[in-house]
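See below for the structure under consideration.
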Amino acid sequence: MVNQTYQKKTGQRYTEEPQGNLERFYGNKYLIPLFLFLFFIWSVIGTDFNLKTLVEGFPNILDFVGCMYPPEFDAFSNLVKPAIETIQMAFLGTLFAALISFPLAILAAKNLTTSRLLRNTSKGIIAFTRTVPDIVFALIFVSAVGLGTFPGTLALSCHSIGMLGKLYGEAIEEIDPQPLEAVEAVGASRIQSIKYAVIPQILPSFVANTFYRFDVNVRASVVLGLVGAGGIGFELIYAMKLFSYREVASILIVIFIIIILSEKVSDVIRKRIIGEEVLK
Amino acid sequence: MLTVEKLAKILPDGKPLLRDISFSVGRGELVAILGLSGVGKTVLLRCINRLTTPDSGEIILNGDSEPFEITNCNIRELRKVRRRIGMIFQNFGLVNRLSVLENVLNGRLGYTDALQNLFFGFSDEEADMALKALDRVGIADLAHRRAGTLSAGRCSVLLLQGRLCRSHICYLQTNQLLILIRPHQSESWAF
Ligand SMILES: Nc1ncnc2c1ncn2[C@@H]1O[C@H](COP(=O)(O)OP(=O)(O)O)[C@@H](O)[C@H]1O
Ligand SMILES: [Mg+2]
């Protein structure tokens, strides 16, 4: 008796459910591309996207780029100091952001924090810092502490919390829950289980995300130059205002070098931390 | 020594999984819980160290010291109870990126002072103890390998050592049939 009803039930499940799913699946299959296409058309109209104007204006682009050539090589010696400042700003900004976002991410992670209030508060902070653009933070801090690299560093830290907190939090929520339960089962406290079961699992993505943010911050600091937040960005904005495009070109080259260097350094460090696994 | 009294657990979807489970286990006894897959064996064991909270019933652990009522003790007491219960998970629950030695040491987390451990890690005596435990099962040479690179058999031996790294009085294991290779027969495990 029991067995029969059981079979009936499962029989029904297996004949009916997949069909429903398939219909839904095919429905979605046409709906989503159609939606995307309409959105595409709408956006093209909305942004005045026009290839013809672009083609007609192309000679002007060449003119502009021509003004940048050759780069002002004499300017390089004056760019060393602002370049170092930019690296320092990005480094400190990323470091502070990482230190603040990690605890925030733990408090925001569903699998580590049970209190809903605590979780939503930290999620709110993370989302807020991501919403406020770095340039707005820079304006706020420039008005508070004056021009220079200090407000720039503060702005980068604040805005980076948003991205790092979100990515760290996602990594924490994706960990394998069993090692965490296993250390809890031997009587580990919350802090201990984070140290011995959570951090080892998220370390690779933690390192990767932090370095990626450093890269973003080097480039973001360029824009912050607009509001006088120091570093090489300040030089760039200054050169553009003076229409000295050859100097602009040399500044771009310096930024390019910084980015490439940071990529090399992050590769080395990531290999040291992640690569061991592959080697052994 | 371990007494389970009228234990009941209802699943989130409202179906009763465990109903009126009562049994007791004495010192030195070895007990096996048998049942079809999905019948609730793992849930029962998880209730015993309160990884899962039962809906009603009592679980009492009598050791050398005062009896613990596992079903309603606070976090501080729970930590004390848990360090006396060794549990081996179906999929081991090793931290794959940590070394074999560190995984054995994790078995001692219930004893270490949380703050001291946060800043200074484990003591030399504890590391020594863990190394000896590994040596006992003949895998001391693997101490610094990442746990993720071990075979399943070695995982279970390793975990057993980790859980034995303390004065346990009760030992739970979900499903895995342990295949133990013991080079030194002189050592015996107290279940
Ligand atoms: N956290 C949970 N939420 C919902 N259902 C669960 C949970 N844990 C276990 N179950 C269900 O309880 C039943 C018994 O599980 P388990 O104790 O693992 O069985 P087994 O006897 O094979 O070890 C299963 O049907 C499982 O789906
Ligand atoms: Mg099971």
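The values are calculated or read from the model by the stated rules, or taken from the named source; none is laboratory data. Treat the numbers as computed from the prediction; the structure is a model and nothing was measured. Here the Cβ positions follow ideal geometry from the backbone for every residue, glycine too, while neighbour counts run over all protein chains shown. In case anyone asks, the SASA skips ligands and DNA or RNA and just uses the protein heavy atoms, side chains included. Shrake-Rupley method; radii C 1.70, N 1.55, O 1.52, S 1.80 Å.
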In region A:206-280, carbon and sulfur make up what percent of the accessible area (probe 1.4 Å)? 70 percent
Counting only protein heavy atoms and rolling a 1.4 Å probe, how much accessible area do A and B lose on contact, total for both sides, in Å² to 100? 2300 Å²
Can you give the direction-averaged projected area of the convex hull of the alpha-carbon atoms in region B:34-137, in nm²? 9.1 nm²
Computed from every Cα-Cα pair in chain A, P(r) in 10 Å bins starting at 0 and rounded to whole percents is 6, 18, 20, 23, 18, 8, 4, 2, 1, 0
Put a dot 7 Å past each Cα toward the Cβ at B:Asp55 and B:Phe119; how far apart are the dots in nm? 4.7 nm
Among all the aspartates and glutamates, which ones have a C-alpha under 15 Å from B:Lys41's C-alpha, if same-chain residues fewer than 8 places away are not counted? B:Asp20
Report, in whole Å, the centroid distance computed from the Cα atoms of region A:120-162 and region B:96-126. 38 Å
Given only helices, namely DSSP H runs of n ≥ 4 each adding -39500 (n - 2.57), what is the per-residue ellipticity at 222 nm of chain A, to the nearest 500 deg cm²/dmol? -28500 deg cm²/dmol
C-alpha center-to-center spacing [region A:81-117, region B:1-77] in angstrom: 42 Å
Give me the angle, in degrees from 0 to 90, between the Cα long axis of helix A:76-108 and the longest principal axis of the Cα atoms of chain A, rounded to the nearest 10. 20 degrees
In Å², what does the accessible area per residue of chain A work out to with a 1.4 Å probe? 62 Å²
Where Cα atoms sit under 23 Å apart: lysine pairs in region A:72-279 separated by 8 or more or lying on different chains: 9
What is the pair-distance distribution P(r) of region B:2-88, computed from all Cα-Cα distances in 5 Å bins starting at 0, with each bin given as a whole percent? 3, 13, 26, 26, 19, 10, 3, 1
Taking Lys and Arg as +1 and Asp and Glu as -1, residues besides A:Ala127 with C-beta under 14 Å from its C-beta add up to +3
How would you order B:19-25, A:207-213, A:36-42, A:129-135 from highest to lowest mean count of nearby Cβ atoms within 10 Å? A:207-213, A:129-135, B:19-25, A:36-42
Protein accessible area in region B:1-71, 1.4 Å probe - carbon and sulfur %: 54 percent
Got a number for carbon plus sulfur as a percent of region A:42-181's accessible area, 1.4 Å probe? 70 percent
Please sort by residue number the GluC sites (Glu not before Pro) in region A:128-184 whose DSSP state is loop and whose Cβ has at most 13 other Cβ atoms within 10 Å. A:Glu174
Mean accessible area per residue over region B:2-88 (1.4 angstrom probe, all protein chains present, square angstrom) is 58 Å²
Enter the mean number of other protein chain beta carbons within 10 Å of the beta carbon of each residue in B:106-114, as an integer. 6
Label point distance in nm, A:Ile45-A:Ile191, each placed 7 Å from Cα along Cα→Cβ: 6.1 nm
